[in-house]
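Enquirer: Structure in structure tokens, see below.
Please treat every number below as a calculation from the coordinates, not as lab data. The model shown is predicted, which means the values in this text are computed figures rather than measured ones. Note that each Cβ is placed from the backbone with ideal geometry, even for glycine, and that neighbours are counted across all protein chains shown.
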């Protein structure tokens with residue numbers, strides 16, 4: 001039996017999670033295609049988007065094997081199961097819910113719970129989280145993250161989310177961030193595929209290993 005890829009493998013070499021809040025089913029394929037072409041391998045459809053489960057179901061049928069698809073704003077076990085039944089493999093939460101984290105692990109899903117304190121971070125890891133969503137990012141400053149890094153397990157994946165732009169990534173990377181979740185600065189409802197591609201390329205150009 002082949003083991004599932006690690007979450008880190010999906011975040012390498014482009015450690016960015018695309019958060020497509022507000023996307024509609026008829027446009028999701030074109031948007032995801034340009035993100036994939038740009039090198040992103042983690043796609044999150046927030047469940048408060050129009051017909052989000054249907055969008056996940058459509059994308060899951062065409063998603064390349066090296067791309068991780070799932071949902072954000074997952075708040076209940078029922079929603080988690082809906083995502084899994086639609087073909088999603090990634091469960092992202094705005095909060096730290098041990099029940100959802102444990103159920104994700106038992107179901108073979110990847111979970112990224114939201115945390116804003118060290119206590120929440122350790123609780124999430126204890127229950128099987130694959131990474132930590134530092135949310136909102138402005139409540140976990142680069143200075144705070146640097147302090148967290150002195151006590152968190154070295155292999156912990158930390159992903160600041162909320163208000164991330166190409167201009168503020170570097171401070172977080174220097175503090176110990178492994179990547180980011182990208183929201184409105186990458187995609188907003190109704191945005192063209194060309195604009196999303198441009199936005200993605202701006203973020204990628206500001207990753208430490210892609211700079212000239």
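Enquirer: Let me spell it out: the conditions are (1) out of contact with any helix residue (DSSP H, G or I) (no Cβ under 9 Å at 6 or more places or on another chain); (2) more than 19 Å from residue 44 (Cβ to Cβ); (3) touching a residue at least 60 places away in the same chain (Cβ under 8 Å), and residue 194 meets all of them except one. Which number is the exception?
Expert: Every listed condition holds for residue 194 apart from (1).
Enquirer: Looking at segment 54-78 only, could you name the residues that are touching a strand residue (DSSP E or B) at 6+ places or on another chain (Cβ under 8 Å) and either crowded, with 18+ Cβ neighbours inside 10 Å or assigned to a loop (DSSP other than H, G, I, E, B) (or both)? Working first, answer last.
Expert: Step one: list which residues in segment 54-78 are touching a strand residue (DSSP E or B) at 6+ places or on another chain (Cβ under 8 Å), which gives 55-56, 59-60, 63, 67-74.
Matches in segment 54-78: 55, 56, 59, 63, 67, 68, 69, 70, 71, 72, 73, 74.
Enquirer: Ok, one more. Tally time: how many residues in segment 95-116 are in contact with a strand residue (DSSP E or B) (Cβ under 6 Å, 6 or more places away or on another chain) and either assigned to a strand (DSSP E or B) or within 9 Å of residue 133 (Cα to Cα) (or both)?
Expert: Of the residues in that region, 6 qualify.
Enquirer: Continuing with this model, one more query. Which one is nearest to the chain's Cα centre (by Cα), of the residues in segment 100-129 that are touching a residue at least 40 places away in the same chain (Cβ under 8 Å) and buried (at least 21 other Cβ atoms within 10 Å of the Cβ)?
Expert: The first filter runs over segment 100-129 and keeps only residues touching a residue at least 40 places away in the same chain (Cβ under 8 Å), leaving 108, 110, 112, 114.
Those still in the list that are buried (at least 21 other Cβ atoms within 10 Å of the Cβ) too: 110, 112, 114.
Values: 110: 10, 112: 7, 114: 10 Å.
Going through the qualifying residues, I end up with 112.
Enquirer: In segment 36-46, is there at least one residue being in a loop (DSSP other than H, G, I, E, B) and over 18 Å from residue 185 (Cα atoms)? Step through it out loud before you land on a result.
Expert: Step one: of segment 36-46, the residues in a loop (DSSP other than H, G, I, E, B) are 39-41.
Applying the additional criterion that residues be over 18 Å from residue 185 (Cα atoms) yields none.
The answer is no, given that none of the residues of segment 36-46 is in a loop (DSSP other than H, G, I, E, B) and over 18 Å from residue 185 (Cα atoms).
Enquirer: Any residue at all in segment 155-165 that is more than 19 Å from residue 8 (Cα to Cα), crowded, with 18+ Cβ neighbours inside 10 Å, in contact (Cβ under 8 Å) with a residue 24 or more places away in the chain and in contact with a helix residue (DSSP H, G or I) (Cβ under 9 Å, 6 or more places away or on another chain)?
Expert: Here is the first cut: in segment 155-165, the residues more than 19 Å from residue 8 (Cα to Cα) are 162-165.
If we keep only those that are crowded, with 18+ Cβ neighbours inside 10 Å as well, we get 162, 164.
If we keep only those that are in contact (Cβ under 8 Å) with a residue 24 or more places away in the chain too, we end up with 162, 164.
Going one step further and asking which of them are in contact with a helix residue (DSSP H, G or I) (Cβ under 9 Å, 6 or more places away or on another chain), we end up with 162, 164.
Yes.
Enquirer: Among what's in segment 10-42 and is without any contact (Cβ under 8 Å) to a residue 60 or more places away in the chain, over 18 Å from residue 113 (Cβ atoms) and touching a strand residue (DSSP E or B) at 6+ places or on another chain (Cβ under 9 Å), pick the residue that is surrounded by the most Cβ atoms within 10 Å (Cβ to Cβ).
Expert: In this case the residue turns out to be 32.
Enquirer: State whether the residues of segment 177-190 include one that is exposed (fewer than 15 other Cβ atoms within 10 Å of the Cβ) and under 28 Å from residue 26 (Cβ atoms). I'd like the intermediate steps shown before the answer.
Expert: Here is the first cut: in segment 177-190, the residues exposed (fewer than 15 other Cβ atoms within 10 Å of the Cβ) are 189-190.
Subsequent filtering for residues that are under 28 Å from residue 26 (Cβ atoms) retains 189-190.
Checked against the condition, which is being exposed (fewer than 15 other Cβ atoms within 10 Å of the Cβ) and under 28 Å from residue 26 (Cβ atoms), segment 177-190 yields at least one hit.
Enquirer: Does residue 46 satisfy being closer than 19 Å to residue 180 by Cβ, in contact with a strand residue (DSSP E or B) (Cβ under 6 Å, 6 or more places away or on another chain) and surrounded by fewer than 23 Cβ atoms within 10 Å (Cβ to Cβ)?
Expert: Yes; evaluated as a whole, the condition is true for this residue.
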